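Nothing in this text is a laboratory measurement; each read-out follows from the coordinates by a stated rule. All values derive from a computational prediction rather than experimental measurement. Ideal geometry is used to build each Cβ from the backbone, glycine not excepted, and the neighbour counts take in all protein chains shown.
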């Protein structure tokens, strides 16, 4: 797992257009994001285009899993765990057709939230029939909020926090902050048993004013038992770890 390239560009605010009626974002004449609801299937469809022929992509996301909204220490959390994705990745003048799976979440919290909370770690694990969304919201050194939601067959199951264990096994210093490197997620209820170990393959730090953000590639190894069936887990997924200040 290796980061091949990374590019960020600042723009003038006057060049930004954001619609208040539909999911639509433009920079100048370039449309970055557009969301629609298909009139026939009622599917949510997002088209996302960024970059150019040297480094960029043009992808279409079609929602295939029921969305849900919950509350955390931070505020409201909207999650759409599953999309079917197809399109083109552009790299150094070459185009590569891709097909895969997508995920989207959005945090909505008041401006003072960073003053009351330390940060969070969010991620997902997708098997052939199930999507597990997990989070560890960090209020302070002593208080953390563990979240696990399991989507299956257009339904979702919210796990009681008392039945969740999130254990950090190893940490490392990156850009002056101590961050998780390997950790375990376990769930134990009458209906659901989950045991997953997550090992960091690569970390990409993005520094912004008052924020420290890391994008992880994680190797997830474990097992999920639910509905009388057992599923082995062996996936590579993205997660995000954010520290305020």
For the range 82-95 the number of residues that are farther than 25 Å from residue 123 by Cβ and in a strand (DSSP E or B) is 5
Filtered residues of the range 96-111 (kept if touching a strand residue (DSSP E or B) at 6+ places or on another chain (Cβ under 9 Å) and part of a loop (DSSP other than H, G, I, E, B)):
109
Test for residue 206: is it under 18 Å from the mean Cα position of the chain (by Cα) and surrounded by fewer than 18 Cβ atoms within 10 Å (Cβ to Cβ)
yes
Can residue 170 be described as surrounded by 13 or more Cβ atoms within 10 Å (Cβ to Cβ), without any contact (Cβ under 8 Å) to a residue 40 or more places away in the chain and in contact with a strand residue (DSSP E or B) (Cβ under 7 Å, 6 or more places away or on another chain)?
no
I'd like to check something: does the range 58-66 contain any residue that is surrounded by 11 or more Cβ atoms within 10 Å (Cβ to Cβ), more than 27 Å from residue 134 (Cα to Cα) and free of Cβ contacts under 8 Å to residues at least 60 places away in the same chain?
yes
If a residue must be touching a residue at least 24 places away in the same chain (Cβ under 8 Å) and either within 16 Å of residue 21 (Cα to Cα) or loosely packed, with under 13 Cβ neighbours inside 10 Å (or both), how many such residues does the range 39-55 contain?
5
